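The structure under discussion appears below in the form of structure tokens.
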Amino acid sequence: MQQQPQWSEISSKKRYRLARQQDPRLPASPQQAFGNDWPGLPAAFGEERYETVDQVMAALARLMQQHPQWSEVSVTKRYPLARQQDPRLPATPQKTFGNDWPGLPAAFGEESVKRYKTVDQVMAALARLMQQHPQWSEVPATKRYPLARQQDPRLPASPQQAFGNDWPGLPAAFGEESVKLYETVDQVMAALARLMQQHPQWSEVSVTKRYSLARQQDPRLPALPKKTYGNDWPGLPAAFGEERYKTVDQVMAALARLMQQHPQWSEVSVTKRYPLARQQDPRLPASPQKTLGNDWPGLLAAFGEESVKLYETVDQVMAAFARLMQQHPQWSEISEARRYQLACQHDSALPKDPSYIKGWDGMSQLFNPKMRYPDIKSAFFAVKKFLQKTNGMKQDITPFDN
């Protein structure tokens, strides 16, 4: 420690890490290495922790004299500052001293704040603060209460926990009656219809965004209508008077209409096209396969495009790929995997994963076709020739000689 006097200015944890960098024989976890024999880092560095509350309070008083600016921050922020200056202060004084610990305000010589003990006292304090700060009425009660606590620390941090069933809720505590939600789905739908007439521009956004806007206008709309009304809740599209399409014909008619309106969609795949269509027409089901079951013909057919029949044999795949390579010789400069992806984009009959085709044994068939033997007989003779050449083998190894 004499070689590193500046270490005394940092915590014992950081100091120990620096020490391990200088001496790798120091264990990474001395507590685990030495068990109950380990006295702790402060003691290991020759700095015992304070053993009594009085010692802690004396140290804090001394530090407050040296740093009067600390009085401008809360005691919870002040104590870590104190520990940086005096590592003999325990990290968790409540745990160290148990019931003897009076709390941080008292330890710093400040009387503990006496909390309000009744709901009436809290409500009276809130009423007084609202008179002093009328602008608070513009923010919701949930944001208003933290502002009130900054002005009056006697307000409990969690009034629900402090008063239990006696707590009426923040709106009532601020003298505001709790908003009574609509009791039926019909009332909700009537409110939404009225708001849609007042705000026709909402039709341009999704139903989820629309409902959020509606709730800002009418707080009687529940935040979670599904939870509020259970099985009676028909879903947001129906609540806004937009029923989902129930048949394949309705879906296909809608898609045909949208394709006429947006011909540029033909340039993207049907999997990307369908989400675009749903943004324009929320009556389209999110999962048509799940909604329409076996009646659903697939996206290609739904957009009026016949499903492409994939190649069924290895020869068909190899011929198509060879043809495309002749048309696009520049593909030889890119990776084999990327080359095949481009081929699939140019010929939709090429399967993205040809492993299901009988006789398929890898992409090497496409990229090195001359290296493949056309049949099993040729392969056997090639093996025989190789063995005869390398081992001097003369006997036959295959019935194909005859």
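Nothing in this text is a laboratory measurement; each read-out follows from the coordinates by a stated rule. Predicted model, so just to flag it, every value in this text is computed and none were measured. Methodologically, a virtual Cβ is constructed for each residue, glycine included, from the backbone with ideal geometry; neighbour enumeration extends over all protein chains shown.
Only aspartates and glutamates eight or more places from residue 226 in sequence, or on another chain, were considered; those with a Cα closer than 19 Å are 183, 186, 218, 242, 243.
Note on residue 364/residue 161: beta-carbon distance plugged into 1/(1 + (r/R0)^6) with R0 of 56 Å gives a FRET efficiency of 0.20. Extension gain for residue 208 to residue 26 (0.36 nm times residue separation, less C-alpha to C-alpha distance): 59.6 nm. A Förster distance of 51 Å, applied to the separation of the beta-carbon atoms of residue 132 and residue 62, puts the FRET efficiency at 0.85. So for the stretch 250-302, considering every pair of alpha-carbon atoms, how many percent are separated by more than 18 Å? Percentage above 18 Å: 22. Relative contact order for the chain: 7 percent, from Cα pairs under 8 Å spaced at least 6 residues apart, divided by residue count. Take the Cα of residue 143, go 7 Å toward its beta carbon, and the backbone nitrogen atoms of the stretch 188-220 under 15 Å from that spot belong to 216-217.
Just list whichever of 227/290; 180/209; 180/227; 209/246; 117/180 have alpha carbons separated by over 21 Å in the model shown. Going by Cα-Cα distance, 227/290; 180/209; 209/246; 117/180 fall outside the 21 Å limit.
The label-point distance for residue 85 and residue 227, in a model that sets each label 7 Å from Cα toward Cβ, rounds to 4.8 nm. Considering helices alone, the calculated mean residue ellipticity of the chain at 222 nm is -14000 deg cm²/dmol, with DSSP H runs of length four and up weighted by -39500 (n - 2.57) and normalised per residue.
Derived from the Cα gyration tensor, the three semi-axes of the equivalent ellipsoid of the stretch 5-107 are 28, 17, 10 Å, largest first.
A viscosity of 1.567 mPa s and a temperature of 4 °C, combined with the Kirkwood radius over Cα pairs in Stokes-Einstein, give a translational diffusion coefficient for the chain of 41 µm²/s. Could you tally the net charge around residue 96, taking each other residue with its Cβ under 11 Å from the Cβ of residue 96, Lys/Arg +1 and Asp/Glu -1? Local charge sum for residue 96: 0. Taking only the Cα atoms of the stretch 314-371, the ratio Rg/Rh comes out at 0.91, with Rh defined as the Kirkwood radius. Here the label points at residue 152 and residue 347, each 7 Å from Cα along the C-beta direction, are separated by 8.2 nm in the simple model. Listed by chain and number, the aspartates and glutamates whose C-alpha is less than 16 Å from the C-alpha of residue 143, apart from same-chain residues fewer than 8 away, are 152, 176.
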